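Shown next, in structure tokens, is the structure this report addresses.
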Amino acid sequence: MLNKKVRQFIEQHQLLSSEALNLVALSGGADSVCLLLILQELGYRVEAVHCNFKLRAQESDHDEEFVKTLCKCRNIPLHITHFDTRTYAELHRVSIEMAARQLRYGYFEQLRQDLGAATICVAHHQDDSVETVLLNLFRGTGIRGLSGIKPIHGNIVRPLLCVSRKEIEQWLACRHQSYVTDSTNLVPDVVRNQIRLNVIPQILRISPGIPQNILATARRLQEAELVFNQALTRQLESVVDQNSADITQLLSLPSPEALLFEWLSPFGFSPATIENIAQSLPTIQSGRHWTSASHQLFVHQGKLLLGPLAEQRPTLRIPEPGTYVYQHSERIRLTEQAGAHVDRHSTTACLDAAKLVFPLILRPVQTGDRFQPYGMRGSKLVSDYLADLKISPFERQRQLVLTDANGHILWLVGRRPDSRFCIEPQTIKTLVITIE
């Protein structure tokens, strides 16, 4: 009966192909053992994958021996790997649970590619989906978090989402099939274990039908999510253009925050940060910005501009005229010419050699930098000058200045020289500076 139920679920969601190779994550627990044996009995090509995380001493090694024996008896190819999970967690500053997850799925995907397998089958079932809904509800989540575990996520498939843990145990008992029990799942330490061991038993005392009602709600939300995603995709296409979004258009939407979450969360912005951005939209001013671990979002001329975090640009010391390489491929060339020489190209500055002092310094703009733009009276903050030109925040971060040994800005590179160092009719020698 369970085999038929799983087959129908696989066909309904088009999870597996009868011809393709499928990897099965095999811990040795009841769920994964059931999954492996059912898929084999249904005629699918399967190979098992076991990860020994070295977290439970002898128990971990016992689990490994169990899966070896099981796969040998069933004539199923088995792939085993070992991880130093604690060291990985310390190096990457993540929890043991997260470390194990990252290691496990990273290995699964690499092995899938190496073997040319179509899928990675994992043994999540209905009880896991109920736990996930409750866990996300407790943490605070949107519609996606309340829609439960999906049958397909990329190359990962979950053929047992149509059955409960009780059904799995009964199926194994009927076949007199043994399995191992992970002792850490019996300790209410992490939140998921607390939900499984403490919360769900209380819910069942209230009404045994509540878990099924939660699953029914999750299924309805999965359908609602399809409509929600379609609407958001259309709004993203109309509002977000090349990583910029018009704030007025955002404010005209029914839910600016939902669109911002769809747009920004893949770039590492947290729900709390996105909520703050959405709440700030009506009174937001240019210059405001937010950052994630990899990206930054600026307010500029009525738009939100998204881009990667700026690369730290170095400082280059130039002791004398010559050609110098800056950073990766930029070159700056300094030559001296007799008399007053003029070149009005934006990549070139012609300065009076007698007015400046070597060594020169090529560096990024710093807060408080001030210069006297050629053709203007008085000095001006570089930041104000760039703002007047309506230069985007990302360009400003990459803006360079050239200073002399006294710290005076000679040239706002590519834009304007400082009038105090420009050539005059009586200039004896011109320093011609070109950046490529």
Among residues of segment 351-374, those that are out of contact with any strand residue (DSSP E or B) (no Cβ under 8 Å at 6 or more places or on another chain), loosely packed, with under 15 Cβ neighbours inside 10 Å and farther than 20 Å from Glu395 by Cβ, counted: 1
Considering residues of segment 392-436 that are part of a loop (DSSP other than H, G, I, E, B) and charged (D, E, K, R) only, the residue nearest to Ala349 (Cα to Cα): Arg415
Say we look at segment 1-40 and pick out the residues that are surrounded by fewer than 21 Cβ atoms within 10 Å (Cβ to Cβ) and among the acidic types (Asp, Glu); which of these is modelled with the highest pLDDT? Glu11
Working only within segment 320-333, note down all residues that are in a strand (DSSP E or B) and either at positive phi or among the aliphatic types (A, V, I, L, M) (or both). Gly322, Val325, Ile332
Kindly evaluate Glu41 against the criterion of being acidic (Asp, Glu), more than 24 Å from Leu161 (Cβ to Cβ) and more than 30 Å from the chain's Cα centre (by Cα). no
Could you check segment 334-350 and list, in sequence order, the residues that are touching an Asp or Glu at 6+ places or on another chain (Cβ under 8 Å), loosely packed, with under 15 Cβ neighbours inside 10 Å and outside any loop (DSSP other than H, G, I, E, B)? none
The number of residues in segment 66-117 that are open to solvent by less than 40 Å² (accessible area, probe 1.4 Å) and either farther than 16 Å from His50 by Cβ or among the polar types (S, T, N, Q) (or both) is 4
Answer yes or no: is there a residue in segment 181-194 that is surrounded by 13 or more Cβ atoms within 10 Å (Cβ to Cβ), within 24 Å of Val24 (Cα to Cα), modelled with pLDDT of 90 or more and hydroxyl-bearing (Ser, Thr, Tyr). no
With the checklist (1) out of contact with any Lys or Arg (no Cβ under 7 Å at 6 or more places or on another chain); (2) at pLDDT 90 or above in hand, flag the one item Leu146 doesn't pass. (2)
From the residues in segment 159-176 that are assigned to a helix (DSSP H, G or I) and basic (Lys, Arg), which one is nearest to Gly148 (Cα to Cα)? Arg165
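The values are calculated or read from the model by the stated rules, or taken from the named source; none is laboratory data. Remember, it's a predicted structure, so these values are computed and weren't measured experimentally. Because the Cβ atoms are built from the backbone with ideal geometry, glycine has one as well, and the counts that use them run over all protein chains shown. In case anyone asks, the SASA skips ligands and DNA or RNA and just uses the protein heavy atoms, side chains included. Shrake-Rupley method; radii C 1.70, N 1.55, O 1.52, S 1.80 Å.
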